[in-house]
Amino acid sequence: MNNGIPLQYFLILASIMFFVGIYGFLTRRNLIGILMSVELILNSVNINFLAFNRYLYPDRLEGLFFSLFIIAVAAAEAAVAIAIIINIYRRFSTVNVEHVNEMRF
Amino acid sequence: MTTDFGYALLIPLIPLLMFLLLGLAGNQLKARLSGLLGTIGLGVVFVLSYYTAYKYFFATEKIAGAFSKITAFDMVWLRFSDSLHINMGILLDPISVMMLVVISTVSFMVHIYSLGYMKGEVGFERFYAFLSLFSFSMLGLVLANNIFQMYIFWELVGVSSFLLIGFYYQRPTAVLASKKAFIVTRFADLGFLIGILLLSFNTGTFDFSILCDPQGAAIATGSGAAFLGLSVMTWSLIFVFMGGAGKSAMFPLHIWLPDAMEGPTPVSALIHAATMVVAGVYLVARLFPVYIISAPDALVVVAYIGAFSSIFAAVIACTQTDIKRVLAYSTMSQIGLMMVGLGVSGYGGHEGLGYMASMFHLFTHAMFKALLFLGAGAIIHAVHSNHMTEMGGLRKYLPITHITFLIACLTIAGIPPFSAFFSKDEILVAAWHHDKLIFAVEYIVAGLTAFYMFRLYFNIFWGKETHYHHTPHEAPAVMTIPLIFLAFLSVFSGFIPFSKLVTTDGIPFEGHIDWSLALPSVFIGLVGIIIAMVMYKKETSLPDKVAATFKHGYKWAFNKFYMDEVYMFVTKKIIFAYISTPVAWFDRHIVDGSMNGISRLTNAFSFRIREFQSGQLQKYGFVFISGVLLLTFLMVYLWN
């Protein structure tokens with residue numbers, strides 16, 4: 001089962017995507033940006049699932065199904081998140097998270 | 001044993017139902033109607049009690065010549081374990097049947113009387129609800145078939161007494177008096193509870209029929225262990241007697257009884273003269289076989305406390321001017337006499353004369369003392385004052401009250417053929433054969449009793465003509481009929497052959513009057529009456545002269561030997577100052593202080609760390625991810 005690209009490359013790619021996502025999640029101030037970072041994290045996980053499935057257990061399909069589930073959940077999550085963001089925008093006229101701090105002590 | 005006494009359950013239940021009805025729905029009913037309902041309920045109880053007495057004494061077969069103890073009803077009420085359970089039951093034996101008659105008679109009379117006396121008072125239906133509660137509790141107390149049930153009802157009578165003393169709750173003195181009565185009797189009941197626990201621990205039973213069986217195992221066991229020279233049984237019975245002394249106003253726990261006169265007069269007649277205050281006597285009588293067989297020392301205590309209380313109260317009664325207080329001290333004195341009767345009694349047959357006489361005196365006393373109180377109520381009703389200094393010459397205005405009051409005074413003075421002559425004489429005979437000192441004390445008390453009762457009588461009905469704002473008038477018929485009925489009982493109940501009905505072992509014996517002792521006691525009674533007549537029949541300066549001669553003694557007696565002050569001193573200056581105050585300080589500063597300190601510390605700490613809650617999701621995310629990373633590194637590098 002060797003088509004040229006070793007498993008490690010996929011894992012490295014997934015790690016990079018994951019940490020780029022984390023970095024974006026922690027540093028972006030724009031809610032849309034944060035949402036995109038979360039999508040990056042989810043996709044890095046998808047890559048991991050698929051890579052492991054393909055390389056370690058090629059005769060099974062669990063990894064594949066999991067990625068499909070994650071894609072579906074991510075789509076739903078994006079819809080909900082954007083709805084929230086639109087509401088926040090209507091209320092505060094901004095999508096900057098630093099200005100949305102009603103939930104403090 | 002056939003028990004066709006099942007209906008006896010109704011006797012305490014009817015007043016309970018009346019209490020619930022009047023207590024819950026009383027303010028919806030017309031006041032008059034609720035009073036009538038309560039009275040009718042008690043009337044049914046009255047009929048049932050007399051029927052029970054007839055059936056028990058005359059229509060039930062005796063076993064081996066003795067009245068048997070019949071358990072009419074018994075059920076397990078609280079089950080803790082197989083050996084420890086508290087029952088509710090009904091026990092019929094001579095004394096409980098006799099008490100049924102006493103309570104239902106006096107209570108019924110008081111119910112009728114109150115229809116007139118309490119007419120138009122605010123809270124009329126509340127008064128009747130409380131009266132029903134009291135009747136229920138008192139009937140439950142005397143019918144109890146185990147000591148724990150008795151204790152429960154004992155407390156219930158205490159509560160109803162508290163409620164009724166404080167009936168005029170807008171009056172501060174009534175509130176104080178009700179609190180005093182409750183606290184003093186509660187304190188005494190603590191002794192009762194300790195006594196019950198010791199007694200039942202040693203004998204292994206609560207049940208009277210096992211406990212009081214002279215041949216039973218319960219009495220034989222538990223007499224072994226000793227503490228401070230007295231056996232545990234003696235101690236437990238002394239503690240039980242402490243409860244009885246509190247309820248029956250024996251020295252030194254008597255201080256609540258005079259103050260309890262703040263309650264309405266019918267209440268004083270019912271609770272503080274005829275029924276509740278004799279509960280202590282009843283308690284000792286109920287446990288009499290245990291006292292006589294396993295703890296005769298405790299009976300000596302009973303006799304001496306009774307004798308001391310009776311003379312102590314009689315001396316005070318000679319100086320008081322509030323007519324209800326004179327009667328209250330007289331009650332205390334007479335109960336002391338009943339305690340003496342029990343204390344000097346032996347067991348079985350003629351030996352048990354004191355016991356029989358004590359029960360006899362309880363019966364007659366209930367009748368004539370209720371009569372005296374109801375008469376006093378009629379007088380107060382007419383004159384609107386409690387003080388005999390504001391009365392005089394009332395015989396013209398209140399003829400019926402006058403005659404009945406005179407009968408009651410002659411009765412309590414022990415003049416034949418009135419009832420108390422018989423009962424008091426029997427007690428004196430028993431005391432003579434047992435302890436000459438107690439006999440001497442009671443002999444003097446008999447003279448004092450005659451003196452202070454006739455002092456009261458002459459001051460109220462003779463003496464100087466007092467000018468009244470409006471002419472006093474005789475009470476209405478609902479008030480005089482009970483007076484006449486009770487006067488009738490006071491005159492004739494002495495002829496009841498008590499020695500054939502109520503005895504220590506249930507076996508009747510032949511009673512007779514010992515004239516060699518009866519004549520001197522009649523003589524001293526007459527002497528007391530004559531002295532009172534000389535001093536008080538016409539207005540003279542004699543009483544003041546006598547008071548001046550015994551200046552200090554008079555002052556002491558007038559101030560009730562400063563017992564209230566002694567109590568105030570002991571509680572305020574000693575207990576409050578040296579025990580309660582330090583304990584309160586410890587509680588406020590150490591106990592509360594440590595708890596408050598903990599809360600203050602928590603508060604300060606949380607105030608500091610609340611800034612973490614910034615509302616910035618990304619900060620939370622950062623903390624979370626850092627934590628996860630830290631844990632991951634720990635897992636990876638430290639796990640293996």
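The values are calculated or read from the model by the stated rules, or taken from the named source; none is laboratory data. Predicted model only: the values in this text are computed from it and were never measured. Ideal geometry is used to build each Cβ from the backbone, glycine not excepted, and the neighbour counts take in all protein chains shown.
Here are some notes:
The rows are residues; the columns are (1) within 32 Å of the chain's Cα centre (by Cα); (2) at pLDDT below 85; (3) loosely packed, with under 14 Cβ neighbours inside 10 Å.
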{"site": "B:Ala487", "(1), (2), (3)": "yes, no, no"}
{"site": "B:Pro497", "(1), (2), (3)": "yes, yes, yes"}
{"site": "B:Asp514", "(1), (2), (3)": "yes, yes, no"}
{"site": "B:Lys551", "(1), (2), (3)": "no, yes, yes"}
{"site": "B:Asp564", "(1), (2), (3)": "yes, yes, no"}
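- Exactly one residue out of B:Leu372, B:Leu327, B:Leu337, B:Leu406 is buried (at least 24 other Cβ atoms within 10 Å of the Cβ), more than 16 Å from the chain's Cα centre (by Cα) and among the aliphatic types (A, V, I, L, M): that is B:Leu372.
- Some residue of the range B:77-94 being outside any strand (DSSP E or B), buried (at least 24 other Cβ atoms within 10 Å of the Cβ), touching a residue at least 40 places away in the same chain (Cβ under 8 Å) and in contact with a strand residue (DSSP E or B) (Cβ under 8 Å, 6 or more places away or on another chain): no
- Count - residues of the range B:535-549 that are part of a helix (DSSP H, G or I) and either more than 17 Å from B:Met388 (Cα to Cα) or of a type in the set (D, E, K, R) (or both): 5
- Among residues of the range B:474-504, those that are of a type in the set (Val, Ile, Thr) and not in a helix (DSSP H, G or I), counted: 4
- Counting only helices (runs of 4 or more DSSP H) wholly contained in chain A, the ones carrying 1 or more residues that are within 11 Å of chain B (Cβ to nearest Cβ) occupy A:7-27, A:31-56.
- B:Thr105 more than 22 Å from B:Leu371 (Cα to Cα), β-branched (Val, Ile, Thr) and in a helix (DSSP H, G or I): no
- If only residues of the range B:584-619 that are within 14 Å of chain A (Cβ to nearest Cβ) and of a type in the set (A, V, I, L, M) are counted, the one that is surrounded by the fewest Cβ atoms within 10 Å (Cβ to Cβ) is B:Ile609.
- Qualifying residue in the range B:200-221 (condition: part of a helix (DSSP H, G or I), modelled with pLDDT of 80 or more and among the charged types (D, E, K, R)): no
- Every residue from the range B:163-182 that is touching a helix residue (DSSP H, G or I) at 6+ places or on another chain (Cβ under 8 Å) and aliphatic (A, V, I, L, M): B:Leu163, B:Leu164, B:Ile165, B:Ala174, B:Leu176, B:Ala177, B:Ala181
- Test: residue in the range B:521-536 that is more than 30 Å from B:Ser358 (Cα to Cα) and at pLDDT below 80: yes
- Of the candidates B:Val546, B:Val583, B:Val502, B:Val570, the single residue that is within 29 Å of B:Phe458 (Cβ to Cβ) and of a type in the set (Val, Ile, Thr) is B:Val546.
- The residues in the range B:21-55 that are in contact (Cβ under 8 Å) with a residue 12 or more places away in the chain and either among the hydroxyl-bearing types (Ser, Thr, Tyr) or not in a helix (DSSP H, G or I) (or both) can be counted, and the count is 6.
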